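The values are calculated or read from the model by the stated rules, or taken from the named source; none is laboratory data. No experiment lies behind these values; they were computed from the predicted model shown. Cβ sites come from the backbone with ideal geometry, for glycine too, and all protein chains shown count toward neighbours. When the accessible area is computed, the model is the full protein with side chains, heavy atoms only, and any ligands, DNA or RNA have been set aside. Shrake-Rupley method; radii C 1.70, N 1.55, O 1.52, S 1.80 Å.
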Amino acid sequence: MRAAIATSDYHVMGETFINRHIAHLFDGNTVVIAGRSNGEDPYHKPLFVRRRRLSAGDMARLSAVSVWNRARHGTSRLPFGSARRDLLAFLRSENVDVILAEFGTQALALAPLANAAGIPIFTYYRGTDASKALQSKRIQRAYRLMMPRLAGVVSVSQFLLDNLARAGVTHPNAHVIPSGVDVRRFRPGKKRPGSCLAVGRFVEKKAPLTTLQSFVDSTRDMPDARLDFIGDGPLLGDAKALAERLDASDKVIFHGAQPHDAVRERLETTQFFLQHSVTAADGNTEGLPTAIQEAMAAGCITVSTRHAGIPEAIDEGETGFLVEERDAEAFTAAIRSAFTAPDTDAMATRARTVAEERFDNDRLLARLENMIRETLTPGGV
């Protein structure tokens, strides 16, 4: 089976879940449809870039076509004119059997065209597309109109499917399949006692300032405790300033953005993984953070929040500790509980076991392939 992987931007190093589909779905028998391309193509796949300069004729039709598409489909994202003809020709020439639109917003642009071409289309909801996007009534309507056009829907967490359902967006062929992690590469190493790690963008929904404050407050009498931050973003400067004010520069290290291999190496020797995820003011949430799945595979004990799909990953008291969003006092206490847990080795071992059972991305990729095959050929032939 030959699949077209549809994504907004290609290639994005941090989108490991999409890159894995491009490289390995159906034994790598894939092509790529991208909104934009940065010129890198490490997988050497046939590539179609949707967003291009319009011809004079298409520019003249743009306003009328946009109005029509918004009325009929709830969105003006759809390709039209020469872009539509070229994309249809690409799909035919590449003998594409199925389209997997990474993120629901990508499916909005492609579902009508896929139907016209007679090619089944599935979409994968991952976070923003089923949280922040749903703050728009227009997007809610567009998703509802889109559902009958899809062969199936996948989400990284039940939380996101429930979010969609509350907006009246449902599909009879919906499945929860986390992105997963390569449990053969992310493995426990020799842990540094008292070591903590936080990975992710310095943005509101990651609440890095809360993570920093709670770590410092909970480890004031623990001179050997350390917190490493990996990531960058708009709140990085504020976090560094807070570390200075708290006189914690000797305990907190900011590494900035790092390659994926550097994250993996750090996780191997880290004892505790900290992530105080919250719902941002604009409604943006996590789906099920890949970083937490990677931390579990590396045998880290997680301290996080009851946010989005995180409770679907962490078994409280067994593989980690969870608190309510924005409860800094409880987060401080949870970090303290993690440090003083009676058998951290057993919790670390359990975290690794759960990662192997639930988040092995080889098994999850096989589940995705089987779901697509069974949908298109009942009986799984």
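Filter region 142-196 down to residues that are assigned to a loop (DSSP other than H, G, I, E, B) and open to solvent by 30 Å² or more (accessible area, probe 1.4 Å), then give me how many there are.
15
Do the conditions hold for Val65, that is, is it among the β-branched types (Val, Ile, Thr) and in a helix (DSSP H, G or I)? The answer is yes for Val65.
Say whether the condition of being of a type outside the set (A, V, I, L, M) and under 23 Å from Glu329 (Cα atoms) is met by at least one residue in region 256-269. No - not one qualifying residue is present in region 256-269. Is there a residue in region 251-262 that is modelled with pLDDT under 95 and among the charged types (D, E, K, R)? Checked region 251-262: at least one residue is modelled with pLDDT under 95 and among the charged types (D, E, K, R). Restricting Ile372, Ile335 to those that are closer than 29 Å to Val98 by Cβ, in a helix (DSSP H, G or I), β-branched (Val, Ile, Thr) and open to solvent by less than 50 Å² (accessible area, probe 1.4 Å) reduces the list to Ile372. Taking region 329-381 on its own, how many of its residues are over 24 Å from Ala291 (Cα atoms) and not aliphatic (A, V, I, L, M)? So the count comes out to 9. Restricting attention to region 65-88, and to residues there that are open to solvent by less than 70 Å² (accessible area, probe 1.4 Å) and among the aliphatic types (A, V, I, L, M), which single residue is nearest to the chain's Cα centre (by Cα)? Only one residue tops the list, namely Leu78. No other residue among Thr340, Thr353, Thr349 is open to solvent by less than 60 Å² (accessible area, probe 1.4 Å) and farther than 21 Å from Val154 by Cα apart from Thr353.
Name the one entry in Pro79, Pro112 that is touching a His at 6+ places or on another chain (Cβ under 7 Å) and either free of Cβ contacts under 8 Å to residues at least 40 places away in the same chain or assigned to a loop (DSSP other than H, G, I, E, B) (or both). Show your work before the answer.
Working: Pro79 fails: touching a His at 6+ places or on another chain (Cβ under 7 Å).
Of Pro79, Pro112, the one residue that is touching a His at 6+ places or on another chain (Cβ under 7 Å) and either free of Cβ contacts under 8 Å to residues at least 40 places away in the same chain or assigned to a loop (DSSP other than H, G, I, E, B) (or both) is Pro112.
Can Glu325 be described as assigned to a loop (DSSP other than H, G, I, E, B) and either in contact with a strand residue (DSSP E or B) (Cβ under 9 Å, 6 or more places away or on another chain) or open to solvent by 50 Å² or more (accessible area, probe 1.4 Å) (or both)? Step through it out loud before you land on a result.
On the way: assigned to a loop (DSSP other than H, G, I, E, B): yes; either in contact with a strand residue (DSSP E or B) (Cβ under 9 Å, 6 or more places away or on another chain) or open to solvent by 50 Å² or more (accessible area, probe 1.4 Å) (or both): yes.
Taking the combined requirement at face value, the residue satisfies it.
Screening Ser131 against (1) polar (S, T, N, Q); (2) open to solvent by less than 30 Å² (accessible area, probe 1.4 Å); (3) more than 14 Å from Leu288 (Cβ to Cβ) leaves a single unmet condition, (3).
The number of residues in region 41-53 being at pLDDT below 90 and under 21 Å from Asp27 (Cα atoms) comes to 1. Within region 298-316, identify whether any single residue is open to solvent by 40 Å² or more (accessible area, probe 1.4 Å), touching a residue at least 12 places away in the same chain (Cβ under 8 Å), in contact with a Ser or Thr (Cβ under 7 Å, 6 or more places away or on another chain) and within 30 Å of Val176 (Cα to Cα), and answer yes or no. Yes, the conditions are met somewhere in region 298-316. Suppose the filter is in a helix (DSSP H, G or I), open to solvent by less than 20 Å² (accessible area, probe 1.4 Å), hydrophobic (A, V, I, L, M, F, W, C) and on the phi < 0 side of the Ramachandran plot; does Leu91 pass it? When the stated conditions are applied, Leu91 passes them.
For region 84-124, the set of residues classified as within 16 Å of Arg2 (Cβ to Cβ) and of a type in the set (Phe, Trp, Tyr) consists of Phe90, Phe122, listed by residue number.
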